[in-house]
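First the structure, in the form of structure tokens, and then the observations on it.
The values are calculated or read from the model by the stated rules, or taken from the named source; none is laboratory data. None of the values given here were measured: they were computed from a predicted structure. As a convention, Cβ positions derive from the backbone with ideal geometry for all residues, glycine included, and neighbour counts pool all protein chains shown.
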Amino acid sequence: MVRADLSRASPFARHRRSSAPGRWRPPPPRVGEAVALPPGASPARGAALGCGGGRQAWLGRAWCRRAPARAALAAMTPSATSSLVPSADQDEFKIIKIIEFMKITIEAMKKFNFGELFKKGTTSTGRPSRAATRIRRSYNEDIIAPSFAPEEDNGAPNASSFPCYDFLRNAGILEDFFTLVNRAGLTTYVGDEREQYYMLTKIFVESFQFNNKQYEPTVAFRIYGNPVTMKLEDFCRALDIVPVGTASRIDDNPRDLLELYRGITNDDCRTIQRGKIRNIQLPAIKYFAYYIATSILGRENTSNISSYHLAFLNIALTGQTSYHLGALIARRLTNRGPIFGGTIALRVLTYLSLPLDPNDVPLAPRRLDIAAMKSHHFVTADSTLDNMVYRMLFSDGDEKEIPFPQPGLFSIDRQSWSCTKEEVDEHLKIKDFHQQHDSEDAGASYDHTVTYPGASSSTYPEYDPSSSYYGDTTSWDRWD
């Protein structure tokens, strides 16, 4: 430290303006005031910087006491410091000083991380915010599950599931199922039962990305080693899905979908995130939901229901195209879960006219047959294809076992898409009464049986009727 010992009668005498216009006389340092010098500087350098008195003392004090300049001077070399020695021309000295200071300030600003100024402070509870956590626990992984990184392995892919027409016929829900398919615009997609492939499906689904731009949403993926980016509209054309409705992310528990869920589950009061596909009461609607989960959405979720499932059911049951089905498929493909996107990948490959790798391995076909539906608790464990018993679950947890088929009780054209226990009991009592009446009058000369000529064979003529209900024959045998 160098102490400037000045003995002026008026320390601030030069603080006033001089008689010359435009000239400013800075005040000198006070008597005995300490002036900080850069590390390693000698008293001689302090005098050179203006710490010896008079106007030079004020310039040295103003320069050395400012923190940014003090740090800058500490980093400067003696040769650079010597350039700041005041000369006879004080204006030139000021300009040189300002230029040097600006250079040092600019270099310091380049190294400063301004993002730290905008970091959100931690909450008072110390609990990490939802946005800060990568993995979130939820009852509905379809909606808020994070996307996997492209390099992560999601496991072996599975073939997309196909409907089992024998099961649908014997259950008496084939016609209702294809009514839902046609209303949702999935007729061509459901009819595509070509062979699916291992590497094509795995690479396509794991690399899939969805960019929901405001004016032109796009999807990006890889077909084997080829990166592809295409418009969402073209992606819908490849799947033969009508690109209508909003492509925005669905809010949690939207009112229309929540009302639909309660309507198909007999007023289940749980939210969509906690709902189950198994809570759906009418078998045709429930079967359609399982098909969507294992074929349309590309990532399996056959337990929890989600807004994705309900958006498809909404258009199939009400005809309202509020949600963009192509965007729903794209969003689901970017989430995690077992891979079931074989049909999607194959249809995109065909649409782009890209060759199939001859070394790719075909996937084993899968169908939603009676074995698969037993695993979903759709029918009882002892059911057979000719004698199936449906398991209907109610909102209070009770379950009733109802023999298939029940066209009057399970039709999707009924007034309500769910049933109460009283309705089920009343329907079964009436049916038992008619069965007993038919058995007592079995020896009469007339016949009380009812025929149902070809109820659904006209829709898919390539599949022959496998039950009396859909054939031009007498009705099914009575249930014991």
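The residues of segment 394-411 that are surrounded by 13 or more Cβ atoms within 10 Å (Cβ to Cβ) and either of a type in the set (S, T, N, Q) or assigned to a loop (DSSP other than H, G, I, E, B) (or both), listed by number, are Phe394, Ser395, Phe404, Pro405, Gln406, Ser411. Residue-level check: of (1) out of contact with any helix residue (DSSP H, G or I) (no Cβ under 6 Å at 6 or more places or on another chain); (2) crowded, with 18+ Cβ neighbours inside 10 Å; (3) farther than 25 Å from Arg274 by Cβ, Pro355 misses just (2). Note on segment 228-241: residues that are outside any strand (DSSP E or B) and surrounded by 15 or more Cβ atoms within 10 Å (Cβ to Cβ) total 9. Against the conditions (1) more than 27 Å from Pro157 (Cβ to Cβ); (2) surrounded by 24 or more Cβ atoms within 10 Å (Cβ to Cβ), Ile315 satisfies every one except (2). Would you point out the residue of segment 289-309, among those that are in contact with a Phe, Trp or Tyr (Cβ under 6 Å, 6 or more places away or on another chain) and in a helix (DSSP H, G or I), that is nearest to Lys374 (Cα to Cα)? Top of the filtered list is Thr294.
Is it the case that some residue within segment 188-198 is part of a helix (DSSP H, G or I), closer than 20 Å to Ala247 by Cβ and in contact (Cβ under 8 Å) with a residue 40 or more places away in the chain? Steps first, please.
Going through segment 188-198, the residues part of a helix (DSSP H, G or I) turn out to be 188-191, 198.
Next, only the ones that are closer than 20 Å to Ala247 by Cβ stay: 189.
Among the residues that remain, those that are also in contact (Cβ under 8 Å) with a residue 40 or more places away in the chain are: 189.
Scanning segment 188-198, I find at least one residue that is part of a helix (DSSP H, G or I), closer than 20 Å to Ala247 by Cβ and in contact (Cβ under 8 Å) with a residue 40 or more places away in the chain, so the answer is yes.
Beta carbons closer than 7 Å, at least 6 apart along the sequence or on distinct chains, pair a first residue in segment 242-267 that is under 22 Å from Ala330 (Cα atoms) with a second that is of a type in the set (Gly, Ala, Ser) and assigned to a loop (DSSP other than H, G, I, E, B) for Val242/Gly185; Gly245/Ser322; Thr246/Ser322; Asp256/Ser322. Does Lys374 satisfy the criteria of being modelled with pLDDT of 95 or more and either farther than 13 Å from Ala284 by Cα or part of a helix (DSSP H, G or I) (or both)? Yes, satisfied.
Scanning segment 412-433 for residues that are buried (at least 17 other Cβ atoms within 10 Å of the Cβ) and hydroxyl-bearing (Ser, Thr, Tyr) yields a single hit, Ser418. Looking at segment 235-261 only, could you name the residues that are under 21 Å from Val190 (Cβ atoms), at pLDDT below 90 and of a type in the set (A, V, I, L, M, F, W, C)? Across segment 235-261, the qualifying residues are Val242, Val244.
Looking at segment 262-274, is at least one residue surrounded by fewer than 21 Cβ atoms within 10 Å (Cβ to Cβ) and either at pLDDT 95 or above or within 24 Å of Leu174 (Cβ to Cβ) (or both)? There is at least one residue in segment 262-274 that is surrounded by fewer than 21 Cβ atoms within 10 Å (Cβ to Cβ) and either at pLDDT 95 or above or within 24 Å of Leu174 (Cβ to Cβ) (or both).
Working carefully through the options Ser395, Ser411, Ser416, find the one that is touching a Ser or Thr at 6+ places or on another chain (Cβ under 7 Å) and either of a type in the set (D, E, K, R) or closer than 20 Å to Asn279 by Cα (or both). So that I can check it myself, show each step before the final result.
On the way: Ser411 fails: touching a Ser or Thr at 6+ places or on another chain (Cβ under 7 Å); Ser416 fails: touching a Ser or Thr at 6+ places or on another chain (Cβ under 7 Å).
On inspection, the qualifying residue turns out to be Ser395.
So that you can scan it fast, the table gives a plain yes or no per residue for (1) within 24 Å of Gly245 (Cα to Cα); (2) touching a residue at least 12 places away in the same chain (Cβ under 8 Å); (3) of a type in the set (Ser, Thr, Tyr); (4) touching a Lys or Arg at 6+ places or on another chain (Cβ under 8 Å):
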{"position": "Leu297", "(1), (2), (3), (4)": "yes, yes, no, yes"}
{"position": "Ala327", "(1), (2), (3), (4)": "yes, yes, no, no"}
{"position": "Leu352", "(1), (2), (3), (4)": "no, yes, no, no"}
{"position": "Leu363", "(1), (2), (3), (4)": "no, yes, no, no"}
{"position": "His377", "(1), (2), (3), (4)": "no, yes, no, yes"}
